[in-house]
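What follows is calculated from the coordinates using simple rules that are stated; it is not laboratory data. Please read these numbers as outputs of a predicted model, since none were measured by experiment. All Cβ positions, glycine included, derive from the backbone under ideal geometry; neighbour counts span all protein chains shown.
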Amino acid sequence: MLFRRAAPLPCLAESGGRRRAKRPPWRRAPLRPRITLVACLAVLAGCGFHPRYGNYGSAAYDERLAAIKVQPIPDRIGQMLANYLRDSFNPGDVSVPQRYTLTVSMSSGYQDLVLRNDGTPSRRQFNANAHFVLTPVDPKLPSFQGNSQLVDSYDVGEDPFTTVSEDRNEWSRAATQMGEDIRDQIVAFLERQHAGG
């Protein structure tokens, strides 16, 4: 029986009778570009750079948004929207002086698009409208108001329990999408105020 000597591993190199592991590619990269990248990111952070639009996770924090008090909104979907706005404005629940009050009025409803033979809907459209007013505590500052609208359609199952579950999922989607829209509008307003001095 013949035995072949195994080929050396590509990540090892012969040096002085002993094997030495090669450095990974990222360790062999020049140091200067990495230092430059870190310095640029630090400068942007120091300037207060942050994305205007996007998904705001728990790490996102803006003192201007944290200073907004969200008033309760009626109905279940209104509660979900209010909770989303509070969490996105102040993810860490930091205590800051109140500067604004946000009041939101909502209306929502369903429209049957496709009916089965027994008259029950197999596809439904959900409509939601929200009007919001951002009122400053300081009467010398300007207020801001806007609207957000959502129209979405979805399939409806024959099981009543499934229908209830689909409706709740639709409320959650509406609260998230409208909450993002309202937040984006408020962020744009605050940035205009900041730019205007």
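Table for the structure above
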{"quantity": "Normalised convex hull volume, the range 43-195, alpha-carbon set, Å³ per residue", "calculated": "123 Å³"}
{"quantity": "Computed label-point distance, nm, for sites residue 123 and residue 63 using a 7 Å Cα→Cβ extension", "calculated": "5.2 nm"}
{"quantity": "Cut-off 19 Å (backbone N to label point 7 Å along Cα→Cβ of residue 103), residues of the range 143-174", "calculated": "143-148"}
{"quantity": "Neighbour net charge for residue 162 - beta-carbon separation under 12 angstrom, K R +1, D E -1", "calculated": "-4"}
{"quantity": "The range 68-134: C-alpha pair distances exceeding 19 Å, %", "calculated": "48 percent"}
{"quantity": "Note, ³J(HN,Hα) from phi for the range 84-101, Karplus 6.51, -1.76, 1.60, rounded to Hz, x at Gly and Pro", "calculated": "4, 5, 4, 5, 7, 6, 9, x, x, 6, 7, 7, 9, x, 6, 10, 9, 10"}
{"quantity": "Net charge of neighbours whose Cβ lies under 14 Å from the Cβ of residue 153, counting Lys and Arg as +1 and Asp and Glu as -1", "calculated": "-3"}
